[in-house]
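Contents: one structure, followed by commentary.
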Amino acid sequence: MSASNSEDALKSALRSSVARGSMMNKEIKGLTLDEVRDALYTLLPDNPEFVRKHIIEPFYVSDDDYKKVYKSLAENLEAGLDDTKHHTATLKMWPSYVRDLPDGTETGTFLALDFGSHHLKAEVVSLDHGKYEVDSMNGFVPEKILLHGDGEKLFDYLANFLHRFLKRSGLLNTTDRLPLGFTFAFPCKRLAINKAILTRWTKNLHCDGVVGEDVVAMLQAAIERRGEMNIECVASVNDTVGTLMSGAQEDPKCAIGVILSKGVNACYMEQLEKVGTWTEKQSDLPNQVVIDTEWSEFGDDGCLDFFRNDYDKMIDENHHKGKAIFEKMISGQYLGEIVRLVLEKMNDSDVLFQDHWTKELGTRNRFYTKYVSEILSEEDIRFIHTRKVLEDLHVPLVVELECRVIHHICQIVSTRAATLVAIGIACLLDRINKSEAGIAVDGALYRFHPLFKDLLNAKIPQFLQTDKKFWLVQSADRSGKGAAMAAAVTERLHRKNDDSKQETVQENDKVTEVKNDEEPQNESSTNDESNTPVSEDTK
Ligand code: BGC
């Protein structure tokens, strides 16, 4: 620490010993990272070496290193779209087969099922030219199914949940088929809008017999097994895509969808000519497709190892080792655990807690990410939220020093996470061919973490390499409504495609009729439009 820094730190210590009320409040809220670092040195004056080695160095990433992350991510995004590199690329950049965003003309009744981990949501969405009404039901999938069950049981559980919802909504045994949009928030290789092959589980889920299978077919089969439901799963989307659809319905300028929850991921609208892996024949559909980046897997090839710290490595050891490296530094599944590991290190090194350490604090994954959000929502130095959290973790005596240190650690860990997301969003903004774009964001980490939004707004411009205007749009109705929108847009585009095919057929019929009518008058007539001679057959 430089002389001036230690002087500042001393001043800060003096201030903290006398200050009360709003003065103290200021010392906890709104501190810059440098101020947080100085405060930690001050709070733990006997352990500067520990602070440097186990807190500052692991989490304070230099601007140059962050720039390297940007560069590497930009290359990874490109490689995933390149058909010559895709098979070895870390980011799969799956085309979602969603070819358009809502244009406000979508109309009809659509079902949505949103499955992203433990949480489950079913919705019926009535769309009427831009207006919509949603009725929804929330549920949970039991851990025993998610962690130890098999696929058939999981999908039977989902179908039963849908059945309960339809019964409640009076929609069992309908004569009309109900189109369903299925949000499945895991990495899938998509072969069509309604064909999605699970490539692997994330978010620490294990459920046999699903990887390598088409999850839409599995859901449809379970719906048929359950019976009494006239449902057809017409579209399946990743939750980022659902979020983008839902965001675009509210703000047509949305072009990027981001999820920050137990998992992290992003999607964006890409021009087809930039998607080397796109093999579909050109059709009348718009010349674009939403790409599911699956950026949770960024770093799985070791490209982020240069700044990963020991805590990141410990997390990795215990959760799908070697997979989803980017996600493990950011998501709600892991942020709390990172904080807990730092606290554990402090306790093991006799830097903090002494006889206050508890079994709960020492239990893996027991320091939930929601605690991080609660601690950072602290309004004043009474540390009401932090004390509650520590009581929940059975800490017998809560002292102010611990509250302060924990608060600072939560801020440091969260700032690194938000900076990495900002780099990701900046990369996507730089890719899209628009001068301005809305970014639809959803997920508990974004909604409940008090600093994330501000950190993103502050940090995205630091990494942008093009002159882009952006704004964050909090998607109002999660990705469920988005799946219904995806189903609606799919139906709209199909209808349009069918209509234009129908028109072409009618046009051709007309031409044939005209030709036939003309035949007797002019046997050697030519087709004016194409200037090709009338074939022998037509004659
Ligand atoms: C999954 C993504 C998903 C994200 C957010 C990640 O673990 O791989 O498909 O979009 O979590 O739910």
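The values are calculated or read from the model by the stated rules, or taken from the named source; none is laboratory data. Since the structure is predicted, the reported quantities are computational estimates derived from the model, not experimental observations. Glycine also receives a Cβ, built like all others from the backbone with ideal geometry; neighbour counts cover every protein chain displayed. Each accessible area value is taken on the protein alone, full model and side chains, heavy atoms only, with ligands, DNA and RNA left out. Shrake-Rupley method; radii C 1.70, N 1.55, O 1.52, S 1.80 Å.
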Checklist line | Tally of residues being within 24 Å of the chain's Cα centre (by Cα), farther than 30 Å from T107 by Cα and either within 16 Å of the ligand (Cβ to nearest atom) or in contact (Cβ under 8 Å) with a residue 40 or more places away in the chain (or both) across region 143-199 | finding: 7
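Of all residues being outside any strand (DSSP E or B) and of a type in the set (S, T, N, Q) in region 424-481, which is nearest to Y66 (Cα to Cα)? Just the residue, please. Steps first, please.
Start the filter on region 424-481 by keeping residues that are outside any strand (DSSP E or B), which leaves 424-435, 443-468, 475-481.
Next cut, of a type in the set (S, T, N, Q) only: 433, 435, 457, 462, 465-466, 475, 479.
Values: N433: 24, S435: 24, N457: 17, Q462: 10, Q465: 13, T466: 17, S475: 28, S479: 30 Å.
For region 424-481, the residue satisfying everything is Q462.
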Check: Can you find a residue in region 112-124 that is within 16 Å of the ligand (Cβ to nearest atom) and either part of a helix (DSSP H, G or I) or more than 21 Å from the chain's Cα centre (by Cα) (or both)?
Finding: no
Next item on the list: Kindly establish whether A222 is open to solvent by less than 20 Å² (accessible area, probe 1.4 Å), away from the ligand (no atom under 16 Å from the Cβ), in contact with a helix residue (DSSP H, G or I) (Cβ under 6 Å, 6 or more places away or on another chain) and in a helix (DSSP H, G or I).
Entry: yes
Next item on the list: Among the residues of region 308-322, write down those that are at pLDDT below 95 and under 18 Å from G424 (Cα atoms).
Entry: none
Check: In region 202-212, which residue that is open to solvent by 20 Å² or more (accessible area, probe 1.4 Å) and within 16 Å of the ligand (Cβ to nearest atom) is nearest to the chain's Cα centre (by Cα)?
Finding: N204
Note to self: Checking the structure you have, find out if any residue of region 149-162 is touching a helix residue (DSSP H, G or I) at 6+ places or on another chain (Cβ under 7 Å), among the polar types (S, T, N, Q) and more than 30 Å from W278 (Cβ to Cβ).
What the structure shows: yes
Item checked: Given (1) farther than 23 Å from L31 by Cα; (2) outside any helix (DSSP H, G or I), number of the condition L352 does not satisfy -> (1)
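Could you tell me whether region 9-20 includes any residue that is in contact with a Phe, Trp or Tyr (Cβ under 7 Å, 6 or more places away or on another chain) and at pLDDT below 95?
First pass over region 9-20, keeping only residues in contact with a Phe, Trp or Tyr (Cβ under 7 Å, 6 or more places away or on another chain): 9.
Subsequent filtering for residues that are at pLDDT below 95 retains 9.
Yes, there is a match, as at least one residue in region 9-20 is in contact with a Phe, Trp or Tyr (Cβ under 7 Å, 6 or more places away or on another chain) and at pLDDT below 95.
Here is a check on your reading of the model: is T504 modelled with pLDDT under 50, open to solvent by 50 Å² or more (accessible area, probe 1.4 Å) and out of contact with any helix residue (DSSP H, G or I) (no Cβ under 7 Å at 6 or more places or on another chain)?
Details: modelled with pLDDT under 50: no; open to solvent by 50 Å² or more (accessible area, probe 1.4 Å): yes; out of contact with any helix residue (DSSP H, G or I) (no Cβ under 7 Å at 6 or more places or on another chain): yes.
Answer is no for this residue.
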Margin query: Name the single residue that is farthest from Y60 (Cα to Cα) among those in region 26-47 being assigned to a loop (DSSP other than H, G, I, E, B) and open to solvent by less than 40 Å² (accessible area, probe 1.4 Å).
Written below: L44
Notebook entry, point to check: Given L81, L73, which one is over 17 Å from the mean Cα position of the chain (by Cα), crowded, with 18+ Cβ neighbours inside 10 Å and at pLDDT 95 or above?
Noted result: L81
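If you scan region 234-255, which residues turn out to be within 13 Å of the ligand (Cβ to nearest atom) and open to solvent by less than 10 Å² (accessible area, probe 1.4 Å)? Steps first, please.
Of the residues in region 234-255, the ones within 13 Å of the ligand (Cβ to nearest atom) are 236-244.
Within region 234-255, S236, V237, N238, T240, V241, G242, T243, L244 meet the criteria.
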Next item on the list: Would you mind telling me which numbered condition in (1) more than 16 Å from the ligand (Cβ to nearest atom); (2) under 17 Å from G424 (Cα atoms); (3) crowded, with 19+ Cβ neighbours inside 10 Å; (4) not basic (K, R) V289 fails?
Entry: (2)
